[in-house]
Each structure stands twice: as C-alpha cells, then as structure tokens.
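Trainee: Encoded as structure tokens, here's the structure I'll be asking about.
The values are calculated or read from the model by the stated rules, or taken from the named source; none is laboratory data. Note that the structure is predicted; figures quoted are calculated from it, not measured. For neighbour counting, all protein chains shown are included, and Cβ atoms are generated from backbone atoms with ideal geometry for every residue, glycine included.
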Protein chains: 2
Amino acid sequence: MEKISGSALFTDLYELTMAASFFENRMFEPATFSLFIRDYPPGRRYFVAAGLADVLEYLENLKFTPQDLEYLEKTGRFTPEFLSYLENFRFRGDVHAIPEGRLFFVNEPLLEVSASLIEAQVIETVVINAAHLQVMIATKASRCVHAAWPRNLVDFSLRRTHGTDAGMKVARASTIGGFTGTSNVLAGKVYGIPVFGTMAHSFIQSFENEIDAFRAFARTFPENVVLLVDTYDTLSGARIAAQVGQEMGREGKKLKGVRLDSGNIARLSQSTRQILQKAGLGEATIFASGGFDEYKIQDVLSRGGDVDSFGVGTKMGVSADAPYFDMAYKLVQYAGRPVLKLSSGKETLASEKQVFRFKTSKNKLKKDIIGLRDDDFNEGEPLLKKVMRNGKTTVKLPPLTRIREFFLDEFSCLDEKYKTIKDGEGDYPVEISPRLKDIQNQVVRQLRMASKGKTGKN
Amino acid sequence: MEKISGSALFTDLYELTMAASFFENRMFEPATFSLFIRDYPPGRRYFVAAGLADVLEYLENLKFTPQDLEYLEKTGRFTPEFLSYLENFRFRGDVHAIPEGRLFFVNEPLLEVSASLIEAQVIETVVINAAHLQVMIATKASRCVHAAWPRNLVDFSLRRTHGTDAGMKVARASTIGGFTGTSNVLAGKVYGIPVFGTMAHSFIQSFENEIDAFRAFARTFPENVVLLVDTYDTLSGARIAAQVGQEMGREGKKLKGVRLDSGNIARLSQSTRQILQKAGLGEATIFASGGFDEYKIQDVLSRGGDVDSFGVGTKMGVSADAPYFDMAYKLVQYAGRPVLKLSSGKETLASEKQVFRFKTSKNKLKKDIIGLRDDDFNEGEPLLKKVMRNGKTTVKLPPLTRIREFFLDEFSCLDEKYKTIKDGEGDYPVEISPRLKDIQNQVVRQLRMASKGKTGKN
C-alpha cells in the first residue's frame, strides 16, 4: 500500500512557490508552526489525537526525486538554484506532539514543528492531510463506542471510505477510538487489527434457497458461522438460521450468530432473540449492521434493541455528520519573533506552546492550560512530548493496541457531560496561561499599530 | 503514488469467506453484478460518471502475492485447496460501463460485471471504493461549476481530503466535473491538470511587513503574482497590493491578481475592484477562497460579488453536504437465472441491463429507459459500452481533458431544472422497459412464493 512519503510533489503548489521565494530572499531562520483545530464540529466537545505515526514517517522520508525535480523544472516556474536546493532537501527539524490516543481540545496544539522556515512550511499540506483524517475518524469512532458501550463495534466502512488510503487509515483510527475490529483484510495484516466478516446478500442469492446457502456456509466455516438473515424476510431468515443452528448442534458445532442488516432493528432483534432462544441457541449472538452511527446505535438501544455487536460502516468511515474539521497549521514564531494571524477574526495563539492537563483528586479530567513551552505548572501534566529531533524520530511509538488502551483509559476520566453525542452545554475548560496571554496581547498590539501605520496610501 | 491494485487484501473479509464457500461448493457459473446508486443524496438529481479508469486498472492487475497468501493461511480460516485456487486467481470477466464524464441517474447501472461467480464477487469492495469517491466528487464539482459559471474554479482541497488517495482522486474527479485546475502538484504531474498556487498567510507573516512580503514574491515570480491580501486587514492589504502592482508596472511587469480568503467576500471584492481600478490595474483578477462550495458561490455572486475565479477547497473535496452516496454492487444474474434482493423494501433490478438515452429535437436530454441488455430502441443511445473482455481492457480510455469536455457538452443539454443546487421538484424521467418489467415481476413473484413455502417451520 501507499506511503504518504511516496512523493514530495504530493503537496499544494503554494508550498513550493513560497519556498522558492524564501530561498531567493535567503530566509532560513528557525520557524515554529502549530497544528490545531479552531472550532468544535457539530456535537463534538473533545478530539482524539491520531495520525502522528504517519506524520513522522513522512517527515523522515521526505525528499525530491530526480523525476520530481524534472517535473518542477518543466513547469518553468523555478530557478536552477532553487531546484538544486530541493535536490538536497531533507526535513531536519524538531517535532513536539500530543501522543496518539490522548484527548485534546479546541485551540490546543496537537503538534508543533520547529525547523528552518522552508522545511517547516513545505510539510504543511501532508501534515494536515494525515492528522486531520485520523483525528476526525478516531473522534467519530469514540462517539459510536460511547453510544454502544460495552458492546463491540466493527469497522465496515471500507467500500465507501474516500479512496484507498482512507480505507486503511479509517481502520486504524477507529481502532484508536475503541473499535474492536475491521472488515478490511489488509488493515488486519498491516496494523494487526482483528478482522471480521462472513457473507453478503449476494451469497444467499447465489443459491436456490436461503437454507442451502446457510448450510453451505456452515460446512465451509463450521467455527465461524454468522448467518445474514434479511435477504428475503428477516424473521423467516432467522427461523431458517435457527434450524441450521440446531442441525449444527446435532453435529457438535455451534452457530456463532446471525446478522440483521435492514428494517426495524430494535423490534427485529427482539424477535430474533426469541427465535434463537426457543431453538435452544441462547448463546448465538445478534450482530446488527446497515447505516449505523452513534445516533442510530443510541436510538436502537433506547428502544430496547437486543444487539450484541454492531457493524458500523459508511457514516463512521466518512464522519458523515462532520466530514471535515477546521484543522489548521499556522506559523507562530519566526526568527525568535512570535507571530499570529489576525484577519479572520479568530486570532491564532503565538509562540512555542505546551498544554498542561489537570485532574481532580478523583482522577477525573479537570481542566487544561495552554501555556508557553517553558511555562511551569507543578500539577499539570505536559501533554506535548518531543518526538523528533533533527529529522529523526526519538521515541518508540506504541503499538496500536496500547494507543487504544491509552484512549479508553483517559476517556473513562472525562466527565460524561462532554461525551453526549448531541450538542450539550459547556465546553471542557481550557485556559491560557498568564505568560502566553501577555505575549499574545503584545503581538496583537504591535500588529494593529503596524497595520494602521502602513495603510491608506493609495 | 499508490495503485489501488496494490494489494488483493485491500478488501472486506466477507468477499474472501464467500469465495471460499463458493469454491468448496463448486459454484463457478457465470454471474452478473450491477453497480448503481439507490437514491439521490440531498439536493442532487443527476450523477457524473467517474472512476472507470481506476476500476479497469484494478481488475487487470488483481492478484494474490505469496505474502498475501501467507497472511491468509495464518488466519487459519482457509483450506490449502482454496489458497492454491487464489494463487492462480485472475479477473477474467467482462465489463460494460457508462463512460466517464457522462450523466447518469438513480438506479441506472454505471457498470455491469459478468464473470465466474467468485471473480465477479471478490472485486465488490474495490469497485465501489473507486467509483463511489469519484462519482461523488465529480457530481459535487459540477454543482460548483454550475453555480460559478462561467468563472474558473480551482481545487484547493488537498489538505483536508480524506487521505492521500482521495487527494489525488478529488483532483481528477473535480476536473471531470468542470474544474480548470488544482493546487495538487502531483495531480498536475500524474493527470496533466493545470496547477495553481502562490502563497499562504504564513508567507506574509514571515516578513516584517506585508509590503516586504509582496515585493519579495513579485521579485521571485514576476510572471505569476497573485497576492494574498487578508492576513491583517483585507482592504489595507489590497491597497498595498495595488501599490506593488504599480511598482511592477513601472518595471514593465504585470500584477496578475489578488486573493481574498476571509470576510464578506461580496463586499470586499467590490471594494478591492475599485482599489485595483483606481490604481490603473483593471486587468488584475480577483481570486476568492475560504470555505467555498456551490452554496457560498451562489450566495456571494447573488450579492454582487465581483470575483473572477474561486479556489474551492474542503467542502468540495469531502462533498461536505453529501459525503457518501448510496452506491451498491448487487448480484443481478447467476447461472442464467435473474436474481434480485427484496428485503430492504427497495427492489434491485434483475438481469443484464442497458440504459438508453433519448434527446429532444432541440438536442436536450429527454428521458432514459433502463432495459434489458438486448432490448432495442432505435432512437435511444445505449450508454453502457463494453470496456473489458476476458479481463483485458478493450477500449482506449480518453484523456482527462476529453472526459471533461464530454461532461460539459452533455451537461449543457440537461434541463436547468435538474441542476438547481437546492432540492427542486421532479426528477429526470427514467423508465423501465416493458421486457425488463416483465422479468422483474416474474422474479419478485417467484421469490415471494419461495419465501412463503419455506418459513414458519420453527
């Protein structure tokens, strides 16, 4: 499968035109950029950190191949001097980041990159592309997990994720957000995620009768029989599945479960449970799929749905109710000078920063403070860790199962009121440290004065 | 960059478990599957065909590597006989498809695959994954193009597309839907799409003053100066840009334009135009970006926005108001027997099919008829072409620029009432041919009878 480090040309043209102008103007001073989310999307009041592994891999491998340079030369936009600079270009900067699986909140830097200006600038497009998708999906997945808790969820989204890279990253990020498995076989191989799946409606339809299809599948996979019962009529399908389950029982085998994929799942799951129990198949599980997300899970369960596990597909895999987050990568310091952007009405936070997390005596999350990187708060845990120095990753990244545990542990410490899947009241408290506030005010004042002094000439 | 043909394991597990059971039951008869969209997503009443090139490439290259087979063996689910069948597996079927760039409508098969049952089944996940994204994006892009017509649109979505593959495919599909360029450099190289981009806010901020930044950029790219004017204050930025434009004029150069990226674009673009004209820069263009999609384009233009081109980013690149389409790949025929799925309340259309398109004497699209593949309608153009035989592509696929022209040509023949970007009244007429209707009724009757005869035992 693809590595996002596959091509240095996978970027916005303006990264390269800016680099060329920085190069011509000999602007090589150190710069720091912050990656953060400007607003909560609908219904969300926390984010799950994810995507760091891919960002670091990209930064370690970024280079321009002779073919890349040849293409850039042919565009006629770039000088030979700049192209030969790119030939030797490597990312040699430092990265501080909140580890994958941790919770974070609006305006908190998920990542800060410090490097020579060009190096820190040209990586923008891919850094956002990699982190944005996985944060969005891990956050969406966590909402489904919360709604279904403690039932198991399996990622079924592969067919409608946006392309192949998303297919892989959604499997990974939904695992971080608490899912227990995926239908994506390659994700099973690459990431070690448990893989699930049995049959589609077309399998049933390929046989003359439903019962022939069920029996054939039970012969092929006697240890792993989950029968899809809604191809023609769900309850009639459930009765036929129960009959096959009884036949299996007589041969010393067990029907693992049935899958419902359409209709009124709350009602159908209850009737299906009765059918299974009357047939002596009390241990068979009921697996539901078909258009599920956190809202439909909550709805079905609130109406008494008797479901053991959910297959959660498209709506999770595209984060359907919030298919993008307002994630930005902004210059916060150049040549030792703190900088910020004023124009949008939403000020960005200047300077190199740290996020400090405070807990209550009962181990609940209490508040965060965004401060300067060298701020010191005894009781607050600094969340950003140095993960790369001079272009080399300096930490051993944890395996996916550990990241998932980090997430589930910390999520259990977050107050329920921030986890409601619909818009709730009150955001998790995030303060700005006094020292950061001072610098911020100072820079804003300077910008306002400079802006006044330099306009109105024309 | 990645090829989706990169791994045969990039699929849902159930494709492989079904294949294993078909294999054990010696079910190798010919099957036909249809790819179609079941419903119009909000606001849409047509679709743009796209993604075929990737589907064909995948089918031609699909095979299981020794490493794939090793992983499958380790799962313990599959027999040695089936694994050695997979070792020699190739797709050797036929494909009929509606060419890229053509319009199509609900329930019309975009693609029909005829092959031995296992071959036609296991490709499901990737066929949907590839076609779904590009149809969705080409359709979304066409709506933006319609709202902005005849202004130029440039794809700016790369940073927030869902992963890297989507970054590439969105650039391609938005070109099909009528965009004129992209910011994605690699898409420029791979697909030959014109590439656009100049500077971000961070470029401006890296200089002490806005005017220094503008002058520096003008020195580096004298032929291609589009100045981003909203970093501090848009109109003050526009005046400074005009000043730099006049300086350029004195050196015999031309300011190409300015870019507005925030604020009230309708109002700001008018004021910016005045500033440019007063400075004698009447030819400089105004480029607007920042949260644009078809709705915001329509809004800004309806309020008198004076914009020459739009950069359209995130909301197009994720199809934000409809981030998934209900696209399905369903078995319609097996071993010569037409089949369909009843359960969902939405019948699928059985049998191998063709779509016939009728035009009025004034060259407007009049109606479509979905018929049997061997139906014959003198005046209707059959849309599905045979594009693959025995696993080999049999047609020369047109270049992207031609596909874009196909689209723009046919789109101009579609009645305006089907192009409104909000929900309108009345769908484009799509009929079912009498012979298809007969077969359909017959299969439904048989299924209902079979289903009655075989239930209620338990």
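Trainee: If I ask for residues that are touching a Phe, Trp or Tyr at 6+ places or on another chain (Cβ under 7 Å), crowded, with 24+ Cβ neighbours inside 10 Å and aliphatic (A, V, I, L, M), which ones from region A:119-138 would you list?
Mentor: Result: A:Ala120, A:Ile123, A:Val126, A:Val127, A:Ala130, A:Val135, A:Met136.
Trainee: Looking only at region A:114-160, which residues are β-branched (Val, Ile, Thr) and more than 7 Å from chain B (Cβ to nearest Cβ)?
Mentor: Scanning region A:114-160 gives A:Ile118, A:Val122, A:Ile123, A:Val126, A:Val127, A:Val135, A:Ile137, A:Thr139, A:Val145, A:Val154.
Trainee: In region A:292-320, what residues are more than 19 Å from B:Leu133 (Cβ to Cβ) and in a loop (DSSP other than H, G, I, E, B)? Talk me through it step by step, then tell me what you get.
Mentor: Residues of region A:292-320 that are more than 19 Å from B:Leu133 (Cβ to Cβ), as a first pass: A:292-312.
Residues satisfying the conditions are A:Phe292, A:Asp293, A:Arg303, A:Gly304, A:Gly305, A:Asp306, A:Val307, A:Asp308.
Trainee: Yes or no: A:Asn107 without any contact (Cβ under 8 Å) to a residue 24 or more places away in the chain, more than 10 Å from every other protein chain (Cβ to nearest Cβ) and out of contact with any helix residue (DSSP H, G or I) (no Cβ under 6 Å at 6 or more places or on another chain)? Can you show your working first?
Mentor: Details: without any contact (Cβ under 8 Å) to a residue 24 or more places away in the chain: no; more than 10 Å from every other protein chain (Cβ to nearest Cβ): yes; out of contact with any helix residue (DSSP H, G or I) (no Cβ under 6 Å at 6 or more places or on another chain): yes.
It is false that A:Asn107 is without any contact (Cβ under 8 Å) to a residue 24 or more places away in the chain, more than 10 Å from every other protein chain (Cβ to nearest Cβ) and out of contact with any helix residue (DSSP H, G or I) (no Cβ under 6 Å at 6 or more places or on another chain).
Trainee: Return a yes/no flag: does region A:345-363 have any residue that is more than 14 Å from chain B (Cβ to nearest Cβ), surrounded by fewer than 21 Cβ atoms within 10 Å (Cβ to Cβ), among the basic types (Lys, Arg) and in a loop (DSSP other than H, G, I, E, B).
Mentor: First pass over region A:345-363, keeping only residues more than 14 Å from chain B (Cβ to nearest Cβ): A:352-363.
Those left that are additionally surrounded by fewer than 21 Cβ atoms within 10 Å (Cβ to Cβ): A:352, A:358-363.
Add one more test, that the residue is among the basic types (Lys, Arg), and what stays is A:359, A:362.
Restricting the remaining residues to those that are in a loop (DSSP other than H, G, I, E, B) gives A:362.
Looking for residues that are more than 14 Å from chain B (Cβ to nearest Cβ), surrounded by fewer than 21 Cβ atoms within 10 Å (Cβ to Cβ), among the basic types (Lys, Arg) and in a loop (DSSP other than H, G, I, E, B), one finds at least one in region A:345-363, hence yes.
Trainee: Oh, and also: Here are the criteria: (1) surrounded by fewer than 24 Cβ atoms within 10 Å (Cβ to Cβ); (2) under 21 Å from the mean Cα position of the chain (by Cα). Tell me which single one A:Pro222 does not satisfy.
Mentor: Answer for A:Pro222: the failing condition is (2).
Trainee: Identify the single condition in (1) touching an Asp or Glu at 6+ places or on another chain (Cβ under 7 Å); (2) within 24 Å of B:Val318 (Cα to Cα) that A:Gln270 does not satisfy, given that it satisfies every other one.
Mentor: Result: A:Gln270 fails condition (2) only.
Trainee: Looking at the structure I just gave you, is A:Phe377 at negative phi and not in a loop (DSSP other than H, G, I, E, B)?
Mentor: Considered against the rule, which asks whether it is at negative phi and not in a loop (DSSP other than H, G, I, E, B), A:Phe377 comes out as no.
Trainee: Say whether the condition of being polar (S, T, N, Q) and assigned to a helix (DSSP H, G or I) is met by at least one residue in region A:143-153.
Mentor: Within region A:143-153, not a single residue is polar (S, T, N, Q) and assigned to a helix (DSSP H, G or I).
Trainee: Restricting to region B:58-72, what's the tally of residues that are of a type in the set (Asp, Glu) and more than 12 Å from every other protein chain (Cβ to nearest Cβ)?
Mentor: Adding up the residues that qualify gives 1.
Trainee: Among the residues in region A:248-268, are any closer than 17 Å to A:Val154 by Cβ and among the acidic types (Asp, Glu)?
Mentor: As a first pass, look at region A:248-268 and keep what is closer than 17 Å to A:Val154 by Cβ: A:256-261, A:265.
Keeping just the survivors that are among the acidic types (Asp, Glu) gives A:261.
Yes: one or more hits.
Trainee: Out of all the residues in region A:316-324, is one or more among the charged types (D, E, K, R) and surrounded by fewer than 22 Cβ atoms within 10 Å (Cβ to Cβ)?
Mentor: Yes, the conditions are met somewhere in region A:316-324.
Trainee: Working only within region B:325-342, note down all residues that are free of Cβ contacts under 8 Å to residues at least 60 places away in the same chain and either surrounded by 22 or more Cβ atoms within 10 Å (Cβ to Cβ) or more than 13 Å from every other protein chain (Cβ to nearest Cβ) (or both).
Mentor: Of everything in region B:325-342, just one residue is free of Cβ contacts under 8 Å to residues at least 60 places away in the same chain and either surrounded by 22 or more Cβ atoms within 10 Å (Cβ to Cβ) or more than 13 Å from every other protein chain (Cβ to nearest Cβ) (or both), namely B:Lys341.
Trainee: Of the conditions (1) buried (at least 22 other Cβ atoms within 10 Å of the Cβ); (2) closer than 30 Å to A:Arg448 by Cβ, A:Ile297 clears all except one; give me its number.
Mentor: All conditions are met except number (2).
Trainee: Just checking, does region A:310-317 include any residue being under 23 Å from A:Asn224 (Cα atoms) and away from chain B (no Cβ under 11 Å)?
Mentor: Yes, some residue in region A:310-317 is under 23 Å from A:Asn224 (Cα atoms) and away from chain B (no Cβ under 11 Å).
Trainee: For A:Gly93, state whether it is at positive phi, surrounded by 17 or more Cβ atoms within 10 Å (Cβ to Cβ) and in contact with a helix residue (DSSP H, G or I) (Cβ under 8 Å, 6 or more places away or on another chain).
Mentor: On the way: at positive phi: no; surrounded by 17 or more Cβ atoms within 10 Å (Cβ to Cβ): yes; in contact with a helix residue (DSSP H, G or I) (Cβ under 8 Å, 6 or more places away or on another chain): yes.
Spelling it out, it is not the case that A:Gly93 is at positive phi, surrounded by 17 or more Cβ atoms within 10 Å (Cβ to Cβ) and in contact with a helix residue (DSSP H, G or I) (Cβ under 8 Å, 6 or more places away or on another chain).
Trainee: Which residue out of B:Asn224, B:Asn184 is at pLDDT below 95 and either within 24 Å of A:Leu117 (Cβ to Cβ) or in the same structural domain as B:Thr401 (by TED's automatic domain parsing) (or both)?
Mentor: That would be B:Asn224, the only listed residue that is at pLDDT below 95 and either within 24 Å of A:Leu117 (Cβ to Cβ) or in the same structural domain as B:Thr401 (by TED's automatic domain parsing) (or both).
Trainee: Here is a list: A:Gly192, A:Gly181, A:Gly197, A:Gly163. Which entry is in contact with a Ser or Thr (Cβ under 7 Å, 6 or more places away or on another chain) and either in contact (Cβ under 8 Å) with a residue 40 or more places away in the chain or small (Gly, Ala, Ser) (or both)? Lay out the reasoning, then the answer.
Mentor: Numbers: A:Gly192 fails: in contact with a Ser or Thr (Cβ under 7 Å, 6 or more places away or on another chain); A:Gly181 fails: in contact with a Ser or Thr (Cβ under 7 Å, 6 or more places away or on another chain); A:Gly163 fails: in contact with a Ser or Thr (Cβ under 7 Å, 6 or more places away or on another chain).
Just one listed residue meets the conditions, A:Gly197.
Trainee: Look through region A:300-313, keep the residues that are within 22 Å of the chain's Cα centre (by Cα) and either of a type in the set (Gly, Ala, Ser) or surrounded by fewer than 23 Cβ atoms within 10 Å (Cβ to Cβ) (or both), and return whichever of them is nearest to A:Asn152 (Cα to Cα).
Mentor: A:Ser309
Trainee: Of a type in the set (Phe, Trp, Tyr), at pLDDT 95 or above and either assigned to a loop (DSSP other than H, G, I, E, B) or closer than 17 Å to A:Asp230 by Cβ (or both) - does that describe any residue in region A:326-340?
Mentor: Scanning region A:326-340 turns up no residue that is of a type in the set (Phe, Trp, Tyr), at pLDDT 95 or above and either assigned to a loop (DSSP other than H, G, I, E, B) or closer than 17 Å to A:Asp230 by Cβ (or both).
Trainee: May I ask you to list the residues in region A:78-113 that are among the basic types (Lys, Arg) and within 25 Å of the chain's Cα centre (by Cα)? Don't jump to the end; show me each part of the working.
Mentor: Step one: of region A:78-113, the residues among the basic types (Lys, Arg) are A:90, A:92, A:102.
Within region A:78-113, just A:Arg102 meets the criteria.
Here's the yes/no breakdown for (1) touching a helix residue (DSSP H, G or I) at 6+ places or on another chain (Cβ under 7 Å); (2) within 19 Å of A:His96 (Cβ to Cβ):
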| position | (1), (2) |
| --- | --- |
| A:Pro323 | no, no |
| A:Met327 | yes, yes |
| A:Tyr334 | yes, yes |
| A:Val339 | yes, yes |
| A:Phe356 | no, yes |
| A:Lys359 | no, no |
| A:Lys362 | no, no |
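Trainee: Restricting attention to region A:154-163, and to residues there that are assigned to a helix (DSSP H, G or I) and charged (D, E, K, R), which single residue is nearest to A:Lys140 (Cα to Cα)?
Mentor: Result: A:Arg160.
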